Ligand code: DX5
Ligand code: ZN
């Protein structure tokens, strides 16, 4: 069954702790944490201190998405801050294999992400090292953008490769997921659906419940 991973990028940072509690109480297991450096993407979000402070209050699985150049420089710091898994971008790493291996050496699942313009072939040689592949369905850097349906072709391809090569990575999709398209995305077979705006805009538990109902096929 697909799972929702709310992205705190869309949270109200003035009430972040409370909102994370609301998410947990609504039955979510994974928190998606978007780190941006102002270089790999134009915007800057937050870094290790924020993760460290929410770690003290939350048992959710911290799915840390690093939208930063040469993330190899900071892997240990994100692990120490409380990441449960680390995603790096193919486009941001000069040595992707080594970076994924370094994440695993820290005892964490390693995940690779591809931007909308990057084909699956670009990461085929590292899929045996990946615990997860994050397919960007929007350009990385901001929430609230429309879903790019080309991402679903990549999901299909990644599922085929997983099957033929006997691999077991999870597939995550990130950006533009909302009530209106979540059913078709679930149908494509993704394991994890990142959603920011559609979770945090309005009533958080209600949003999560209605997204989950669609995932479970109850509406
Ligand atoms: C985009 C981020 C996403 C984004 C998702 O760079 O990686 O996680 O915040 O937000 P929505 O659901 O608003 O597209
Ligand atoms: Zn993300």
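Quick look at the values:
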| item | result |
| --- | --- |
| Rough spin-label spacing in nm, given labels placed 7 Å along Cα→Cβ, for residue 139 and residue 209 | 3.8 nm |
| Sum of -39500 (n - 2.57) over DSSP H runs of 4+, divided by residues of the chain (222 nm, nearest 500) | -9500 deg cm²/dmol |
| Modelled FRET efficiency - R0 45 Å, residue 70 with residue 179, Cβ distances, 0.05 increments | 0.75 |
| Gain in span if fully extended, residue 84 to residue 43, counting 0.36 nm per residue against the direct Cα distance | 12.4 nm |
| Neighbour-count order for 63, 84, 168, fewest beta carbons within 10 angstrom listed first | 168, 84, 63 |
| Approximate spin-label separation residue 105-residue 187, in nm, with each point projected 7 Å along Cα-to-Cβ | 4.5 nm |
| Spacing of the two label points (7 Å from each Cα toward its C-beta) at residue 94 and residue 52, in nm | 2.8 nm |
| Extension reserve of the residue 164-residue 125 stretch, reckoned as 0.36 nm per residue once the Cα distance is removed | 12.6 nm |
| Region 79-163: C-alpha gyration tensor shape, a/c 1.5 cut-off, then a/b vs b/c | oblate |
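Read-outs throughout are calculated quantities, based only on the coordinates presented, and are distinct from any laboratory measurement. As the structure is a prediction and not an experimental result, all values here were calculated from the model. Virtual Cβ from ideal backbone geometry, glycine too; neighbours counted across all protein chains shown.
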